Amino acid sequence: MKYALLDRGDQLSRALSEEFHTLAKARGFTVNESSPDIVVSIGGDGTLLQAYQRFKDQLANVSFVGIHTGHLGFYADWKKDELTELLDLMASSTPQKVQYPLLQVEISTSSGRTVYLALNEFTLKSVDGTLVAALHINDEPFEMFRGDGIVISTPTGSTGYNKSLGGAILHPSLEALQIAEIASINNRVYRTLGSSMILPKHHHCDIVPDPEKKLYIGIDHLVLQMSGVSSITCRVAESKITFARYRPYPFWNRVREAFIGGSM
Ligand code: NAP
């Protein structure tokens with residue numbers, strides 16, 4: 001098995017990386033940073049987002065495995081004291097491949113069109129003051145948004161920024177995207193829906209901002225500032241991210257353990 005490994009860089013994650021390499025070598029695995037079969041992330045969800053960014057052009061060929069060194073991660077199945085168990089299973093069993101939807105974001109400017117694939121979400125804010133942008137759903141005008149910003153998340157990203165905005169948590173077997181508002185202005189002049197909306201795979205939405213405004217654009221943990229944006233189209237991507245699951249870990253158990261904790 002060829003694997004690549006990315007860690008968060010803190011002392012514990014670095015020590016676990018060393019341990020992982022030792023255990024992997026003993027089982028005949030080889031390090032391959034350019035075309036691995038498995039990408040191992042040691043750290044938090046933020047580390048997995050970085051690992052995804054690094055290998056997003058090889059999604060058809062790689063599977064991800066997460067080991068968390070902080071609180072329970074949404075993208076991580078394994079704890080720091082379970083490395084030997086994980087490596088033994090990696091050496092002896094075929095994992096279940098679990099696929100999660102991604103968000104395709106097409107940003108059009110006067111100089112062309114750029115496509116991004118987000119694992120968690122796309123975030124739009126204005127660099128200077130209030131964001132003003134028209135929202136269209138399936139090419140029909142829906143609302144004129146005024147406020148701090150808009151977050152469009154994937155099902156697995158629904159437990160991230162989207163959750164802080166009061167959005168729903170979506171099971172990742174649902175191929176959908178969720179639009180959530182950040183502090184919209186609602187009064188007799190300006191009006192938005194106010195609730196978050198969930199669009200199915202065959203729907204899309206367009207955001208049309210003022211092209212004169214400088215925008216803050218977030219794709220997961222990456223932040224860009226762009227001017228001259230004429231439109232942004234979001235839809236569920238055709239490609240998906242694959243996780244190698246060496247033991248079952250139901251999504252709702254993750255949600256309960258991360259946000260509720262303890263026993264009832
Ligand atoms: P960060 O600001 O250092 O960390 C943000 C927190 O979000 C971390 O605790 C991270 O977990 C957690 N997180 C990331 N993805 C998650 C997911 N799918 N479900 C539940 N929690 C998740 O930034 P970062 O580590 O680079 O992560 C970027 C992400 O931060 C964005 O994609 C966005 O979802 C989230 N974010 C949240 C808010 C908010 O809630 N107000 C604001 C901005 C961004 P770990 O500690 O395990 O890494």
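The values are calculated or read from the model by the stated rules, or taken from the named source; none is laboratory data. Not measured: the values here are computed from a predicted model. Cβ sites come from the backbone with ideal geometry, for glycine too, and all protein chains shown count toward neighbours.
In segment 63-80, the residue that is farthest from the ligand (Cβ to nearest atom) out of those that are modelled with pLDDT of 95 or more and of a type outside the set (A, V, I, L, M, F, W, C) is S63. Here the strands (runs of 3 or more DSSP E) wholly within segment 119-229 that include at least 3 residues being hydrophobic (A, V, I, L, M, F, W, C), out of contact with any Ser or Thr (no Cβ under 8 Å at 6 or more places or on another chain) and away from the ligand (no atom under 16 Å from the Cβ) are 131-137, 197-200. Scanning segment 182-190 finds one or more residues that are crowded, with 17+ Cβ neighbours inside 10 Å, free of Cβ contacts under 8 Å to residues at least 40 places away in the same chain and out of contact with any Cys (no Cβ under 6 Å at 6 or more places or on another chain).
Just so you know, in segment 13-62 the residues that are touching a Gly at 6+ places or on another chain (Cβ under 9 Å) and among the β-branched types (V, I, T) include one that is farthest from the ligand (Cβ to nearest atom), and it is V40. Summed over segment 236-259, the residues that are over 30 Å from L89 (Cβ atoms) and under 14 Å from the mean Cα position of the chain (by Cα) give a count of 1.
Residues considered: L135, L224. Of these, the only one that is outside the structural domain of G44 (by TED's automatic domain parsing), in contact with a Cys (Cβ under 9 Å, 6 or more places away or on another chain) and farther than 29 Å from V255 by Cα is L135.
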